[in-house]
């Protein structure tokens, strides 16, 4: 005995509205993709603004991407986040490899969390000039800090950018601030010109030093010492305490040789043991004193504006360089000029002049 087919089932699918004949199928597909992108961006921004660390990580990944599609998407996200940024304290931390930057940041970060701060750590790992790879091991080194709910740690490969500072660190700072992090720590690789780049994107510049490393007299030289707002001698524990205190005196004398800072701030020196978590509170106290002074005399705000102008010019330089090297005619001509230089048929200056004439 046959069963009667149920034609009124809720599972039955009714025929929908047919596609309009005058709408191109490729255009319809393009519109659909664009709508998905917009929705995805909106959701990502909404999650990021609510403090979602996964959304923040995804946004920074888009910012760091070199893919044109991702760059456009990242720019929209940054634009949406910009009104919620610029509300943190940006602290640059640098020092030679082995000075204990990661250990210091972990102890310092834990102190800030205990004070109710939300801390973002942007740690830049050096990239190999041969393989272009990076270890990205900061989360491993900061095993206590990474467990904190109010902490976000993002290791980034330095790549080939200025002084080993990640190319998109500036944008990453904006995203972290929009996600509600009120203290942003930027760690440099401690080599090359990274200090200059970090100094141009932070409010307070902290230089970590070691006692007995033979660099006490380097204080009489201009350079990184002039940029430092505070010098902290780390690893002041055990038998090294006496040497650390002596180094503090030497650095203090050296700082008086430099011209007065525009901010009106006199750089301070301190000693600490990041491993034993001693003297870390003094460092934060110095930073608070600096912020109180610079916000009172309006230097804080003026410096932020000056930094934005500086990075505008830097971005223009980078874009011009990128446009030049990616120009099809330049690519072809560059190969010929490199070959001509190799064969001693021209000079680098003459070759460059020819390339610029092609661009015109």
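Brief remarks follow.
- Estimated translational D of the range 218-324 in µm²/s (Stokes, Kirkwood radius over Cα pairs; 10 °C; 1.306 mPa s): 98 µm²/s
- Debye log10 I(q)/I(0) for the range 50-127, one point scatterer per Cα, at q = 0.15, 0.18 Å⁻¹: -0.74, -0.98
- Label zone (residue 358, point 7 Å along Cα-to-C-beta; backbone nitrogen cut-off 13 Å) within the range 329-343: 329-341.
- Packing-based exposure ordering (other Cβ within 10 Å, fewest first) of 65, 273, 50: 50, 65, 273
- Highest average packing first - 305-315, 331-341, 231-241, Cβ atoms within 10 Å: 231-241, 331-341, 305-315
- The reciprocal of the average 1/r between distinct C-alpha atoms defines the Kirkwood hydrodynamic radius, which for the range 309-359 equals 12.0 Å.
- Packing order of peptides 113-119, 198-204, highest average first: 198-204, 113-119 (average count of other Cβ atoms within 10 Å over each peptide's residues).
- Sites residue 79 and residue 302, calculated FRET efficiency, Cβ-Cβ separation with R0 22 Å, nearest 0.05: 0.35
Any read-out appearing in this document is the output of simple, stated calculations on the displayed coordinates, not a laboratory observation. All values reported here derive from a predicted model rather than from experimental measurement. We place every Cβ from the backbone using ideal geometry, glycine too, and count neighbours over all the protein chains shown.
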